[in-house]
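Please treat every number below as a calculation from the coordinates, not as lab data. Just so it is clear, the model here is predicted, and its values are computed rather than measured. Heads up, the Cβs are rebuilt from the backbone with ideal geometry, glycines too, and the neighbour counts pull from every protein chain shown.
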Amino acid sequence: MDHSPAREKLLHIISENPGIHFREIQRISGMAVGQTEYHLYQLEKSEQVVIRVDGKNRRYFIPDQGSIQERKIVLYLRNSKSASVIHELIRYDRVELNRLVKGRKTRQEKITNAINSMENDGIISRKIEDGYVKIFLVNRDSIIKILKKYRKGFIDTLEENLLSLLDES
């Protein structure tokens, strides 16, 4: 297996920032776009990285790093809509569905889709309490642990999510 310095650098970036997308990898590595594309392709071909599609983004992971469930959580934390739901649920434990699904119609649809997807993946659940549908994290502690474990890699994502929330206000 080829262990070129460029590929080692990319593997290190991906292991520190699971679920990172191409532009972030390219920016952090300082490599040219074509060089980054070439080395990521070689890493994928040799099965040293795996790719998951998240909307328009291709997100990169190290295959044996974390469980499949952990990778799913990371994908949701990297997506602004699902991350905003997760952050609310970390902050308030149980949140009324109506409180999460608000704003313009397109935002409501995206949040609803994110909630349904996370529920299907066992990240969140819903329960009727006091006549209201409430959403909660299935395993809040494991999500907090993932956020702490990869905190440096989530700084940019958290900043983007915060700015998008402020733009929506």
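Overview of values
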quantity	calculated
Per-residue [θ]222 nm for the chain (sum of -39500 (n - 2.57) over DSSP H runs n ≥ 4, rounded to 500)	-19000 deg cm²/dmol
For region 116-145 and region 40-103, distance of Cα centres in Å	15 Å
Cα gyration tensor category, rounded, prolate or oblate, for region 1-100 with a/c compared to 1.5	prolate
Highest-first arrangement of 103-114, 21-32, where packing means the average Cβ count within 10 Å	21-32, 103-114
Relative contact order %, the chain, counting alpha carbon pairs below 8 Å whose residues are six or more apart	21 percent
Förster radius 25 Å - calculated FRET efficiency between R104 and D141 (Cβ-Cβ, nearest 0.05)	0.15
Entries in K72/K105; K9/K45; K127/K148; K9/K56; K56/K110 that, when Cα-Cα distance is taken, lie over 21 Å	K72/K105; K127/K148; K9/K56
Whole-Hz ³J(HN,Hα) from phi, Karplus 6.51 cos²θ - 1.76 cosθ + 1.60, for region 40-45, glycine and proline x	5, 4, 5, 5, 5, 4
P(r) histogram, all alpha-carbon pairs of region 5-61 included - 10 Å bins from 0, percent	26, 65, 9, 0
Simple label model, 7 Å out from Cα along Cβ direction - R126 to T112, nm	1.0 nm
Alpha-carbon Debye profile of region 68-168, log10 I(q)/I(0) at 0.11, 0.21 Å⁻¹	-0.30, -1.14
Contact order relative to length of region 68-168, as percent, for alpha carbon pairs under 8 angstrom and 6 or more apart	31 percent
Least to most buried among V95, V33, V50 (fewest other Cβ within 10 Å first)	V33, V50, V95
Label-point separation in nm, E47 to K149, each point 7 Å along Cα→Cβ	2.2 nm
Per-bin percent of Cα-Cα distances, the chain [5 Å]	1, 8, 17, 20, 18, 13, 10, 7, 4, 2, 1, 0
